[in-house]
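J.: What follows is a structure written as structure tokens; I'll ask about it next.
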Amino acid sequence: MTEIFTPKEKEEALGLYSELKSLVANTLEEGDAERLRRHLLTAIEEGQVQRDVFCLNPILLALQTAKLVVEEIGLRRDAVLAIMLRPGVEQRLITIEQIEADYGTSVARILHGLERIQELYKKNPAVESENFRNLLLSFAEDMRVILIMIGDRVNLMRQIRDTKNEEAKKEVSQEAAYLYAPLAHKLGLYKLKSELEDLSLKYLEHDAYYHIKEKLNATKQARDAYIKDFIGPIEEKLKAAGLKFHMKGRTKSIHSIWQKMKKQKCAFEGVYDLFAIRIIIDCPLEKEKQCCWQTFAIITDMYTSNPKRMRDWLSVPKSNGYESLHITVLGPQQKWVEVQIRTERMDEVAERGVAAHWRYKGVKAEGGGMDEWLSSIRQMLENASEGIDAMEQFQMELKEEEVYVFTPKGDLLKFRKGATVLDMAYHIHSKVGSACTGARINGKVVTFRQELQSGDQVEILTSSTQKPKQEWLNIVKTSRAKAKIRLALKETQQKEALMVKEMLERKFRNRKIEQDESLMMRTMKKLGYKEASDFYRDIAANTLDMATILDKYQELQQGERVQSGDRSTMTRSADEFVLEEHQSPVGGQNDDVLVIDKNLKGIDYQLAKCCNPIYGDDVFGFVTAGGGIKIHRCDCPNAHEMRRRFGYRIVKAKWSGKGSSQYSITLRIIGNDDLGIVNNLTSIISKDEKLVLRSINIDSNDGLFRGNLVIMINDNTRLESLIKKLRTVKGVKQVERI
């Protein structure tokens with residue numbers, strides 16, 4: 001022991017080994033001590049054990065940790081052997097299979113759990129996340145693995161005080177604060193939890209730590225004197241009531257004081273509850289509540305209590321089994337003092353029971369299997385007569401309800417059990433999900449159907465040609481992914497529909513067929529489609545032929561013309577009034593000019609059928625897929641959607657010239673059902689020589705008529721004048737341009 005050990009380390013190691021052997025002697029099996037001694041001597045003599053990044057001796061560290069977990073946690077033989085053999089396993093000096101043969105399955109299981117967690121660390125996880133803490137708990141396999149990790153970190157924090165490796169020291173301290181202290185809290189190791197927090201504060205925020213420590217030392221004498229003055233009268237009253245008890249003062253940890261100073265944004269002097277008084281009553285189980293409430297009554301008779309700060313976990317214990325009465329009273333010198341009242345049994349559970357009140361003071365519950373598992377540990381420890389020996393037989397049987405996986409950067413994501421690669425892709429981003437083709441899990445390429453397993457490191461693979469499909473809804477398990485897939489499918493359908501519409505327009509234009517929206521809807525229904533989306537989807541998928549659509553459209557168009565020619569114009573009801581359509585005369589010279597884009601004239605264009613713009617209307621141009629330009633009114637029903645989706649295809653347009661051409665517009669008129677109204681309307685139009693009535697279609701129902709008047713007109717000024725005149729006809733309720 002001369003090369004790796006300094007004389008001081010050798011002396012300390014021999015002393016620790018001797019102490020440890022006597023502490024666990026009654027739990028060791030025959031041959032354990034000799035085998036362990038031989039293993040350690042072989043590793044040392046061959047110079048195979050290397051110092052760590054802090055230049056600390058790993059065997060000495062193992063001895064220190066082993067003693068800590070025995071004395072402060074209560075672990076025994078299996079945990080001690082696992083701790084002492086761990087350096088050899090990490091440096092590949094001995095295998096877990098050899099350890100199982102020499103020391104048994106239990107020791108091997110602990111070492112296997114420690115090795116699995118070491119593998120997780122290689123994935124550079126974000127240790128401050130709650131997800132990583134839960135992953136550690138589910139990966140540990142044996143409860144003692146987590147307890148050993150906590151003990152190991154406490155010991156390491158004690159030993160690195162004078163290290164020169166500041167960067168490694170900072171990293172270890174941050175892990176202690178973010179990972180190990182919350183784990184210790186969950187498992188009821190409050191003393192170790194406070195030590196981890198205080199030491200991490202000491203190393204990370206040196207000035208704050210020593211500022212508070214000096215303040216505590218400076219006020220200790222006054223604080224002790226105050227506690228004595230406060231509890232003196234209480235002791236007399238409790239003794240007079242015949243209660244058996246003992247009392248103790250508890251000063252807040254430096255870390256707790258610092259957290260309070262930051263939260264309340266105050267100086268040290270502003271933290272009034274630096275300490276609490278704990279009254280622990282010795283009484284039979286059946287009289288516990290009676291004695292606690294009797295003590296409560298005595299104290300509140302003596303001191304004024306703050307009802308807002310009372311916590312009754314006696315009548316209804318916390319979900320983790322924690323029982324106590326907490327009250328805050330106004331003591332001497334008008335200072336608020338917290339008093340905790342509990343029995344010996346309650347104090348034992350609260351102070352020493354592993355996982356006894358792991359959610360104390362606001363640690364959030366994870367829900368599901370993790371809660372049940374931790375709760376079962378608490379119940380086992382409280383009910384087992386053998387205490388810690390019962391835990392040494394306990395193997396974690398956590399029924400996982402969640403899985404935790406790593407991203408390539410080390411972030412940890414949580415999913416429900418059964419979630420797939422595709423779920424993770426959509427969790428990252430909708431675009432990543434829609435382009436997902438598979439993943440690389442732990443270096444192996446898999447499909448996006450692959451289920452995720454805890455501890456996997458997953459890299460999503462994508463392709464620009466990939467598109468979401470309907471069957472993906474059966475692959476994903478999370479509602480978030482399902483919602484995103486439905487949205488992506490809807491967007492894809494909308495894009496396909498627009499492409500198909502433009503394709504149909506070209507086909508109609510090539511055949512010189514004028515396309516009418518209402519007739520197109522009738523064509524869809526004749527072809528067996530109830531929804532336009534299904535119609536466009538089948539065209540996009542080439543399951544519906546364009547020629548079939550065009551033939552059916554022309555067939556219906558011819559049928560309409562025949563029916564229009566057979567209608568009678570002589571009838572008494574407005575419903576049956578039809579004026580035969582005829583071509584309007586066109587002015588001899590067209591002085592209308594449409595200026596498009598940057599003062600360009602003479603460009604071919606078409607007036608859009610959806611809004612029928614006329615001279616004088618505010619208009620814009622839309623470049624179609626075929627390269628032509630269609631002119632729309634600015635208030636066209638389709639204008640908003642065109643600007644939103646195809647803003648780059650919009651061009652400016654405005655009217656110029658005199659407005660001598662005639663344009664077809666349609667007016668919708670609603671009024672009382674009376675043939676006289678129709679005569680009055682047509683009379684107004686016929687009196688204006690520059691207006692030509694092309695057709696009237698009337699529908700009558702429940703005493704009202706609704707009619708569409710198609711009129712040839714020069715410009716929008718004349719149109720506005722006509723609408724005003726028509727609105728003055730008796731019985732007319734509404735006139736609007738469509």
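J.: In what order, largest first, do CYS611, CYS266 sit by accessible area if the probe radius is 1.4 Å?
T.: Largest accessible area first, the list is CYS266, CYS611.
J.: Using the structure shown, select from LYS191/LYS263; LYS67/LYS213; LYS507/LYS724; LYS8/LYS262 the pairs with a Cα to Cα distance greater than 31 angstrom.
T.: Over 31 Å Cα-Cα: LYS507/LYS724; LYS8/LYS262.
J.: Apply the Karplus curve 6.51 cos²θ - 1.76 cosθ + 1.60, θ = phi - 60°, to the phi angles in region 443-458 and return the couplings in whole Hz, x for Gly and Pro.
T.: Taking θ as phi minus 60°, the curve returns x, 10, 6, 9, 7, 6, 7, 4, 6, 7, 10, 4, x, 5, 9, 10 Hz for region 443-458.
J.: Note down the Stokes-Einstein diffusion coefficient of region 61-136 in µm²/s, whole number, using a Kirkwood radius over alpha carbon pairs, 10 °C, and 1.306 mPa s.
T.: Here the translational diffusion coefficient equals 118 µm²/s.
J.: How large is the accessible surface of TYR178 in square angstrom, using a 1.4 angstrom probe and rounding to the nearest 10?
T.: About 110 Å², rounded to the nearest 10.
J.: Would you please name the GluC sites (Glu not before Pro) within region 396-448 that are DSSP coil residues with at most 16 other C-beta atoms within 10 Å of their C-beta?
T.: The qualifying sites are GLU397, GLU400, GLU401.
J.: Tally up the carbon and sulfur contribution to the accessible surface of region 410-484 as a whole percent, 1.4 Å probe, everything protein left in place.
T.: Summing carbon and sulfur atoms, their accessible area is 49 percent of the total for region 410-484.
J.: How big is the equivalent ellipsoid of region 445-568 along its three axes, where each semi-axis is √(5λ) from the Cα gyration tensor, reported in whole Å from largest to smallest?
T.: 45, 14, 10
J.: Let me ask something else about it. Of all trypsin sites (Lys or Arg not before Pro) in region 1-97, which ones are in loop regions per DSSP and have a Cβ with at most 10 other Cβ atoms within 10 Å?
T.: Answer in residue order: ARG92.
J.: How large is the translational diffusion coefficient of region 630-736 in µm² per second when you combine the Kirkwood radius over alpha carbon pairs with Stokes-Einstein at 10 °C and 1.306 mPa s?
T.: The diffusion coefficient I find is 101 µm²/s.
J.: 5 Å is the cut-off here: which amide hydrogens, built 1.01 Å from N in the peptide plane, fall below it relative to ALA653, excluding neighbours closer than 5 in sequence?
T.: Answer set, sorted by chain and number: ASP597, GLY621.
J.: Over what distance in Å are the Cα centres of region 254-316 and region 478-549 separated?
T.: Distance between centres, Cα-based: 71 Å.
J.: I'm checking a number: the convex hull volume of the Cα atoms of region 234-283, normalised per residue, in Å³. What is it?
T.: In region 234-283, the Cα hull volume divided by residue count equals 91 Å³.
J.: Related question: Only loop residues by DSSP count here, and only those with at most 15 other Cβ atoms within 10 Å; note down the chymotrypsin sites (Phe, Trp or Tyr not before Pro) in region 262-313 that meet that.
T.: The qualifying sites are TYR272.
J.: Using only Cα atoms, what is the ratio of the radius of gyration of region 71-181 to 2.2 N^0.38 Å?
T.: 1.10
The values are calculated or read from the model by the stated rules, or taken from the named source; none is laboratory data. If you're wondering where the values come from, they're calculated on a predicted model, not measured in any experiment. Here the Cβ is made from the backbone with ideal geometry for all residues, glycine too, and neighbour counts use every protein chain on show. Accessible surface is based on the protein model in full, side chains and every heavy atom, while ligands, DNA and RNA are left aside. Shrake-Rupley method; radii C 1.70, N 1.55, O 1.52, S 1.80 Å.
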